Amino acid sequence: MSSLKIKFLSPIAILALYCNAYADEIKYSIKEQSLKDAIEVISKKSKIPYIVSGNLLEGKTSKAISDVQGTKNALNEILKDSGLEAVIEEGAIIIKKKTLSNNSNSLGDVNIVASSTSTEGTGSYTTAVMNSATRMNLSIKDTPQSVSVITSQQIDDMGLEDISDIVQKVVGLSINNFDSERNKFSARGFDINNYQLDGVTTSWETGYSAGQSQLDLIAYDRVEVVRGATGLLSGAGNPSAAINLVRKHAKKDSFGGDITVEGGSWNKRKVSLDVGMPLNEDKTVRARIATSYEDKEAFYDYYENKKSVFYGVVDMDLSDATRVSLGAGYQKNNPKGSTWGGLPPFYSDGSDAHWSRSKSTAPKWSHWASENKNYFANIEHFFENDIKLYGAYSHTKDDSDLKLLYLYGNLDKSTGSGLTGQAYLSDTVSKQDNIDIYTSVPFSFSNLDHELIAGVMYNNQKFKAYASPNIYLPINDFYNWDGNISEPNFSNKNLIDDITTKQLGAYLVGRFSLSEELKLILGSRITNWQREDKVKNAKIEHNRQITPYAGLVYEINDNFSTYLSYTSIFNPQNKKDIHENYLEPLEGNSYETGIKGSFFDDKLNASFTVFRIEQDNLAEQAGKYISRNEYYYEEKEGTTSKGFEFEISGEITDNWNTSFAYSQFEAKDANNEKVNIAYPRKTVNFFTKYEFAKFSIGAGVDWQSKTSYTKFGNDELVRTQKSYFLANMMMQYKLNKNLLIQANVDNLFDEKYYNDPGKQYGEPRSFTAKLKYKF
């Protein structure tokens, strides 16, 4: 007779059966957010704890899901295309890498998502991962340099429209407006000349602006900023900062997007469309298009700009391990009443000249039009063991068309006479090709994780400028200037500049785990740099320039880490001395140390940085050539910039985002004299937003310390712009799940100030209202 065996379930097994049954009945609707946050939502709602190795989720984003029934189904949906899978065992959700079939050699899904992390839809004021400093996908806390990010949510909340708006919101960065079309950016006392598009280094010529400092943000998901020297990836450049504009990509699993209509001060009218869609049934080929048109006047007389922007990208998953992106961007600025330079800062007797903010030096026939075209292709492939190979190519063409009038001279206080107008007709074209190739090799040694990255970058920029001879016009009475001066008869334009600049660099960098808590980042770059001026028959070459980089990060605990870093500085200069010889390259060293923190499950990041920059041959304006309206420069030896920065940014609660930052520096030469006094030594940036169900309200303040302007040839004529702050507000109301209205007010208290000390007023109080429909 057979015996009957009864198997009793353990308490854990009973709990697991209950949890699984309960979990199958739950419906989940989750917004697009970090994958870690999405898993936490499911864990809390299902009452099932989850287990995962933290680095598996780093930098990954989940898509939005709606009314998905069953915990396992919801997990499967948010983990799609992540290279991860979820199992529910013994009363716990276990997240792990997907098990690959025997004939598969792809681990690519994991890193494809990580390397294209988007801030869109996260609602966050920070990011989980960035790679602008070292090429490695690191959290802000693990990056041994001072870094910041302006996310998609911050761009929307503060109503930021172009790269100049971004600069005004980043800790330690400042902006000077030369005139209506040109802006100069600075950090830590030095000009910013390091720019990246999707991490690919590019070059801009500020003097012959073709709208680069006015790039519209509709094409970009976020902007990452690395402060200090960035020679490892940028090669030649100032030890100020690198600005990386990270493009949007196609993510839509179904057709969708948004359309926005805006109106505001100075007859602003703008409409924009952003739409994405899959192009095949498997959704492995996706497209995205973003476009806008704006017509806007300005607070100063005679000015109007019509701006057209287009961006398109196609993302293709050729396999689980290979992704290709093809795209193009276009922007056209068509302004009238463009200014060249600023208002006269002094009278002939040396006293300060003060003007109405609406006063303009432009004639009504002036313009400074620009057109920017960009084409790019990226490919990334993942091999066994997460080894990645990445390649990118971009071609950029920037054109400008200038017809301008520059006013200068000794203005008589009584009569308004004494000025001369220099009429100028010119056009420029800049063509630039960039190639970026690198490989990332993660490996384990002594039970610790390490990573090596090796890469090559190439940049080739060809720039030409044509101009007709200057024509000089008397300005008899600037007090009654109305812009109606007759347009002169310009002669034919001649080639005045034909410059080719090439840079070839190769770098090797590694991140080595000396222990679980201590990480060493060590690397170096070798650079060949060349500039040839065919008009002046001049050529400069700097070969085999070595730029070392070292960083050390120690993880104190789960919330805090401390770091220190070092790199050298190499920057060939296009400035000339009084004898029209190019200045020697800027050289020196940059040191940083600080402490960083992340809180509330990495939703809030904080950092405190102390830095010191030592360099020689810093270019500083010394006067103007007698023969033409151009500045010459002199080299400042032993220049030192030192200071500190503090920043905190992210989510305090589910409904409350904030960002606060303070920076301070001092820059002096070997004679203990201050250099570049047009830059503010101290800045504060603050913005916070709170959501009440359908209603959101935000407010912020941007403050900077005093700046000064000294007239060339007379050191006694100094104009100082005292410290000032600009207050801003936003309000938003969601009419339903698809439609919202938002209002922004900038310079709330209508502060009157000079943006470029003594010459260019900053923008008065302005209003913008927008209606946004999502579909």
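Classify the stretch 598-741 from the C-alpha gyration tensor, please: rounded if a/c falls under 1.5, else prolate or oblate depending on whether a/b exceeds b/c.
Note, shape of the stretch 598-741 comes out prolate.
Okay, helix-only estimate at 222 nm for the chain: each DSSP H run of n ≥ 4 adds -39500 (n - 2.57), divide by all residues, round to 500 deg cm²/dmol; what do you get?
Calculated mean residue ellipticity at 222 nm is -2000 deg cm²/dmol.
Distance cut-off 30 Å, Cα to Cα: go down the list Lys296/Lys502; Lys307/Lys722; Lys336/Lys536; Lys248/Lys596 and report the pairs above it.
Beyond 30 Å between Cα atoms: Lys296/Lys502; Lys307/Lys722; Lys336/Lys536.
Ignoring ligands, DNA and RNA, what percent of the accessible area of the stretch 195-351 is carbon or sulfur (1.4 Å)?
Carbon plus sulfur share of accessible area: 53 percent.
Structure shown: which of Lys431/Lys534; Lys268/Lys397; Lys373/Lys770; Lys169/Lys270 lie over 18 Å apart, alpha-carbon to alpha-carbon?
Long pairs (Cα-Cα over 18 Å): Lys268/Lys397; Lys373/Lys770; Lys169/Lys270.
For the stretch 455-526, just the Cα atoms, rotate onto the principal axes and tell me the three extents in Å, largest first.
Principal-axis extents of the Cα atoms in the stretch 455-526, largest first: 74, 33, 13 Å.
To the nearest 10 square angstrom, what accessible area does Met316 show with a 1.4 Å probe?
For Met316, the solvent-accessible surface is approximately 40 Å².
Give the shape of the stretch 198-352 as rounded, prolate or oblate, defined through the alpha-carbon gyration tensor: a ≥ b ≥ c are the square roots of its eigenvalues, a/c under 1.5 means rounded, and otherwise the shape is prolate if a/b is larger than b/c and oblate if not.
Because a/c hits 1.5 or more and a/b fails to exceed b/c, the stretch 198-352 counts as oblate.
Considering only Leu389, Ala454, Tyr408, whose Cα is most displaced toward the positive end of the charge dipole of the stretch 384-476, charges sitting on Cβ of Lys, Arg (+1) and Asp, Glu (-1)?
Tyr408
Using Cα positions and a limit of under 13 Å, work out the aspartates and glutamates in reach of Lys737, with same-chain residues fewer than 8 apart set aside.
Lys737 reaches Asp258.
Starting from the Cα of Lys689, draw a straight line to each of the aspartates and glutamates and keep only those under 12 Å, dropping any in the same chain fewer than 8 residues away.
Asp156, Asp157, Glu651, Asp654
Computing the accessible area with a 1.4 Å probe over protein heavy atoms, can you report the carbon and sulfur percentage for the stretch 639-775?
57
Would you mind classifying the chain by shape? Square roots of the alpha carbon gyration tensor eigenvalues, ordered a ≥ b ≥ c; an a/c under 1.5 is rounded, otherwise it is prolate if a/b is larger than b/c and oblate if not.
Prolate is the answer for the chain, as a/c is 1.5 or above and a/b outweighs b/c.
I need two numbers for the stretch 352-460: Rg to one decimal and Dmax as a whole number, Cα atoms only, in Å.
26.7, 82
Quick check for you: with a 1.4 Å probe and neighbouring chains kept, what is the accessible area per residue of the stretch 623-753, in Å²?
52
The values are calculated or read from the model by the stated rules, or taken from the named source; none is laboratory data. Fair warning: this is a prediction, and the values are worked out from it, not measured in the lab. Ideal geometry is used to build each Cβ from the backbone, glycine not excepted, and the neighbour counts take in all protein chains shown. Just the protein is used for accessible areas: all its heavy atoms, side chains included, with ligands, DNA and RNA removed. Shrake-Rupley method; radii C 1.70, N 1.55, O 1.52, S 1.80 Å.
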